[in-house]
Amino acid sequence: MFENKVAVVTGGAKGIGKAIVEKFRKAGAKVCIIDLLPNDYFVGDLAHQEVLERFAHKVIADHGHVDYLINNALPLMKGIEDCTYEEFNYALRVGVTAPFYLAKLFAPHFAPGGAIVNISSSRDRMSQPQTESYTAAKGGISALTHALAVSLAGKVRVNSISPGWIDTDYTVYEGPDAIQHPAGRVGNPMDIANMVLYLCSDQAGFITGENICIDGGMTRQMIYHNDCGWTLGGERT
């Protein structure tokens with residue numbers, strides 16, 4: 001299904017992005033990564049317009065078209081107490097502006113059946129203290145998803161995924177950490193990568209403008225004092 005397709009993955013050098021890259025490659029796709037970390041395609045900072053333009057130019061020069069764009073790069077997470085004006089804007093440039101601009105740069109080059117998948121977060125609907133920059137970026141990309149889906153209607157399907165607790169080291173948790181999830185476990189990167197490839201496939205051809213929360217049901221379960229092994233003060237029983 002993905003043989004010789006061209007997939008662009010931002011933040012593809014580690015964590016969820018790396019799992020997405022490996023899944024695409026295993027399925028036969030050619031993958032173009034951009035990340036601040038060393039990788040086999042393009043090292044650069046998504047916060048800068050010139051870097052995005054150079055990256056997009058390289059992808060099109062190398063392959064002539066794009067089939068899938070996966071906006072996965074991780075924004076800065078800082079809160080209202082410590083986050084500066086510049087840091088907040090940096091988080092938005094990585095988490096919202098870069099996905100928008102890459103979609104714009106690649107829009108004329110998408111092959112028929114093209115798809116964009118934006119990686120948001122369950123933090124687009126819930127928060128911890130001191131996470132404003134990250135949460136604002138993730139809320140922004142969730143909203144950007146349905147806007148792009150309408151603007152690119154008939155040419156590119158656009159969806160987003162909101163991961164919950166995903167342990168990128170594939171740690172197996174027990175006790176309260178696991179049972180607070182109705183699914184009975186903490187997530188891992190393949191839970192997200194599998195959905196990314198599904199949303200890019202023809203099987204998802206009638207899905208666009210949608211956000212899919214993959215969190216083991218955690219945002220659906222209300223937890224009070226003494227539920228799931230947790231106490232009001234945050235101490236585990």
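The ranking of LEU46, LEU76, LEU37 from fewest to most other beta carbons within 10 Å of each one's beta carbon is LEU37, LEU76, LEU46. Among the listed options [x] 16.4; [y] 14.3; [z] 13.2, the one matching mean projected area of the Cα convex hull in nm² as calculated from these coordinates is [z].
Sparsely packed loop sites in segment 72-106 (the GluC sites (Glu not before Pro) outside DSSP H, G, I, E and B with at most 15 other Cβ atoms within 10 Å) comprise GLU81.
Run the numbers for ILE223 and THR168: contour at 0.36 nm per residue of separation, minus the present Cα-Cα distance, in nm. Don't skip to the end; give the middle numbers.
Working: separation 55, 0.36 × 55 = 19.80 nm, distance 2.45 nm.
Here the segment from ILE223 to THR168 would lengthen by 17.3 nm.
Could you name the lysines whose alpha carbon sits less than 17 Å from that of LYS104, not counting residues in the same chain fewer than 8 places away? Reachable lysines: LYS58, LYS155. Within straight-line reach of LYS18, meaning a Cα separation under 16 Å, sit the following lysines at least 8 residues removed in sequence or on another chain: LYS26, LYS30. For LYS138, the lysines whose Cα falls under 17 Å of its own Cα, not counting residues fewer than eight places away in the same chain, are LYS78. Of the peptides 200-210, 130-140, the order by per-residue mean of other Cβ atoms within 10 Å, starting with the highest, comes out as 130-140, 200-210.
Of the residues MET126, MET190, MET222, MET195, the one with the fewest other Cβ atoms within 10 Å heads the list, and the complete ranking is MET222, MET126, MET190, MET195. Working note: Karplus 6.51/-1.76/1.60 with θ = phi - 60° gives segment 9-20 the couplings 10, 8, x, x, 8, 7, x, 4, x, 5, 5, 5 Hz, where Gly and Pro are set to x. If you take the beta carbon distance between LYS104 and ILE212 as r and set R0 to 22 Å, what does 1/(1 + (r/R0)^6) give as a FRET efficiency, to the nearest 0.05? Efficiency, rounded to the nearest 0.05: 0.40.
Label separation (HIS57 vs HIS146): 3.7 nm, computed from points 7 Å beyond Cα along the C-beta direction.
Ranking request for peptides 90-97, 211-218: highest mean number of other beta-carbon atoms within 10 Å first, then the rest in descending order.
Values: 90-97: 22.4, 211-218: 18.4.
Per-residue Cβ counts within 10 Å, averaged per peptide and sorted highest first, yield 90-97, 211-218.
Values in this text are rule-based calculations from the coordinates and carry no lab data. No experiment lies behind these values; they were computed from the predicted model shown. No Cβ is skipped: glycine too gets one built from the backbone with ideal geometry, and neighbour counts run over all protein chains shown.
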